[in-house]
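A quick write-up on the structure given underneath.
The values are calculated or read from the model by the stated rules, or taken from the named source; none is laboratory data. Since we're looking at a predicted model, the values are computed, not measured. As a convention, Cβ positions derive from the backbone with ideal geometry for all residues, glycine included, and neighbour counts pool all protein chains shown. Note: accessible area is taken over every heavy atom of the protein model, side chains too, but ligands, DNA and RNA are not part of it. Shrake-Rupley method; radii C 1.70, N 1.55, O 1.52, S 1.80 Å.
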Amino acid sequence: MKNWMNDPNGLIYLDGEYHLFYQHNPFGISWGHMSWGHAISKDMLRWKEFPVAIPEGEDEAIFSGSAVYDKDNTSGLGTAKNPPLVAIYTAHSDARKIQAQSIAFSLDKGRTFTKYANNPVLDLNLQHFRDPKVFWDSERGNWVMVVVKANEKKVAIYTSPNLISWEHQSDFGPLAAQGGDWECPDLIQLPVDGDKTKKSWVMIVSLNPGGIEGGSGTQYFVGDFDGKSFKPSQDYAKPQWIDYGKDNYAGVTFSNMPDSRNVLIGWMSSWQYAGNLPKSPWTGAMTIPRELTLTKSKNGLSLVSNPIKEVKSLHTGKPYKESSIKVKGTQNLKGISGHELDITMTIVPNKTGKSGINVLSGKKEFTQIGYDANSGEIFLNRGTSSLSLAIVELLGVQKAFVGKQKEITIRIIVDRSSVEVFGMKGEFAITDVVFPDGKKSEGISLFSDD
């Protein structure tokens, strides 16, 4: 991939292929000329880039949205033998200073799209009305759209029989984190502790600024959905975060999955510094795909996210074992040098101090992940990574409070310029981009205070 990339759009599975559409500037490494880029994968890990799927128009930037497989041809945009893949996106007009929802359809498995002749299909004449996520409500036999009234901090819920005519049902919000515009909503039903007979609905809402670290962030709400309105079933006086790092934003889930999994991909960056990162032929990346579930906790139901099982297909070499700190396994990933690792480690901490692992280490730099027994926090410190020093927002330590633990297992995915941490079986995640000094910083070491 080259040029600019931000929000994932239209994640969908169709006929053996996973499609990732995304916010894209085909002409440069900075934000602009917003269009839908396109990549296809067989496993959500190895991606092949395709031509731009939906290009900008004369006065129409193609902002974020979703895609669905209209298998019953409810829209009439395909045929019974060849149902359409329909993209629902925000059409942004600079001239009119409004955002409205439009659709485009594909009859060749997402390779090319045709914009609907009578766009937009939903226009409230609002300046900040965007990011439609659409799904089929099988219980009630209609389509459902969640879309944000961004600066009002609301998620509007619409229903439709055909993806073209939409009826407003309710608004959700404002609630919990309200420090910035609400963006990129998703509404999904998740199993509880692996029991597919026990499910609950989850509303995911990104916002910028106002995240846990001040910049971009994503919160979630557990509740009930009756086909028209979403109501939280827990107290959200304080926000619940999907990630405690600074670089997991605008995440949404795949539609039309071939199994019962709910898999989310987020944009791995933050609007605090996305335009100021070190220059390269590409700007922006996506997180590792994560399977979402719910688990019972002392505060009710909590969201759990873990790397998809397909990551194991990248493992190569023999696991490394170190009994003194119980590192269960450090796996290199195929075809790459020591940069890319999948590490699972169980820390038995001292009563005080920090224990953990340094990755991407060189003579003068490292990125540190561990557990602080004093504060009861998992932490990720990227502040000593070489190029972090040039961007003040990259400094600081990202933390997730997990309480006092006799031992704690942490999984860490390390890439050339990113670290993704999963703790407490996935109840807590910390995702950060990092910028070490190339091949000079491939070291790995363990540490423990005292």
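Could you grab me the full set of residues in the stretch 23-39 that are open to solvent by 20 Å² or more (accessible area, probe 1.4 Å) and either in contact (Cβ under 8 Å) with a residue 40 or more places away in the chain or of a type in the set (A, V, I, L, M, F, W, C) (or both)? Full working, then the answer.
Narrowing the stretch 23-39 to residues open to solvent by 20 Å² or more (accessible area, probe 1.4 Å): 26-27, 29-31, 33.
Listed by number, the residues that qualify are Phe27, Ile29, Ser30, Trp31.
Summed over the stretch 426-450, the residues that are small (Gly, Ala, Ser) and open to solvent by 60 Å² or more (accessible area, probe 1.4 Å) give a count of 1. In the stretch 173-194, the residues that are under 24 Å from Trp143 (Cα atoms) and open to solvent by less than 30 Å² (accessible area, probe 1.4 Å) never reach a residue that is acidic (Asp, Glu) and assigned to a loop (DSSP other than H, G, I, E, B) with C-beta atoms less than 9 angstrom apart, at least six apart or across chains. Scanning the stretch 201-240 for residues that are touching a residue at least 60 places away in the same chain (Cβ under 8 Å), open to solvent by 20 Å² or more (accessible area, probe 1.4 Å) and in a strand (DSSP E or B) turns up Asn208, Gln240. Taking the criterion of being open to solvent by less than 30 Å² (accessible area, probe 1.4 Å), modelled with pLDDT of 90 or more and aliphatic (A, V, I, L, M), would at least one residue in the stretch 315-329 satisfy it? Looking for residues that are open to solvent by less than 30 Å² (accessible area, probe 1.4 Å), modelled with pLDDT of 90 or more and aliphatic (A, V, I, L, M), one finds none in the stretch 315-329, hence no. Scanning the stretch 366-381 for residues that are open to solvent by 10 Å² or more (accessible area, probe 1.4 Å) and assigned to a loop (DSSP other than H, G, I, E, B) returns Phe366, Asn374, Ser375. Summed over the stretch 94-114, the residues that are over 20 Å from Tyr158 (Cβ atoms) and surrounded by fewer than 21 Cβ atoms within 10 Å (Cβ to Cβ) give a count of 10.
For the stretch 159-172, the set of residues classified as part of a strand (DSSP E or B) and crowded, with 22+ Cβ neighbours inside 10 Å consists of Phe172 only.
If we keep just the residues of the stretch 289-301 that are open to solvent by 20 Å² or more (accessible area, probe 1.4 Å) and touching a Ser or Thr at 6+ places or on another chain (Cβ under 9 Å), which is farthest from Phe422 (Cα to Cα)?
Kept after step one, since they are open to solvent by 20 Å² or more (accessible area, probe 1.4 Å), are these residues of the stretch 289-301: 291, 293, 295-301.
Pick out the ones that are also touching a Ser or Thr at 6+ places or on another chain (Cβ under 9 Å) and you get 291, 293, 295-296, 300-301.
Working: Glu291: 12, Thr293: 14, Thr295: 15, Lys296: 17, Gly300: 20, Leu301: 18 Å.
Checked the stretch 289-301; the qualifying residue farthest from Phe422 (Cα to Cα) is Gly300.
Taken together, the residues in the stretch 40-51 that are closer than 27 Å to Val205 by Cα and open to solvent by 10 Å² or more (accessible area, probe 1.4 Å) amount to 4. Evaluated against (1) within 15 Å of Ser35 (Cα to Cα); (2) not in a loop (DSSP other than H, G, I, E, B), Val86 falls short on exactly one condition, (1). No other residue among Lys149, Lys198, Lys133 is open to solvent by 40 Å² or more (accessible area, probe 1.4 Å) and either within 20 Å of Lys231 (Cα to Cα) or touching an Asp or Glu at 6+ places or on another chain (Cβ under 8 Å) (or both) apart from Lys198.
If you take just the strands (runs of 3 or more DSSP E) that sit entirely in the stretch 404-450, which of them hold at least 2 residues that are more than 18 Å from the chain's Cα centre (by Cα)? Walk me through it before giving the result.
Values: elements: 408-415, 418-423, 428-433, 443-448.
The strands (runs of 3 or more DSSP E) meeting that bar are 408-415, 443-448.
The set of residues in the stretch 145-170 that are out of contact with any Lys or Arg (no Cβ under 9 Å at 6 or more places or on another chain) and either aromatic (Phe, Trp, Tyr) or within 21 Å of Gly78 (Cα to Cα) (or both) comprises Tyr158, Ser160, Pro161, Asn162, Leu163, Ile164, Ser165, Trp166. Of all residues in the stretch 70-100, those satisfying the criterion of being out of contact with any Phe, Trp or Tyr (no Cβ under 6 Å at 6 or more places or on another chain), free of Cβ contacts under 8 Å to residues at least 60 places away in the same chain and of a type in the set (S, T, N, Q) are Asn73, Thr79, Asn82, Ser93.
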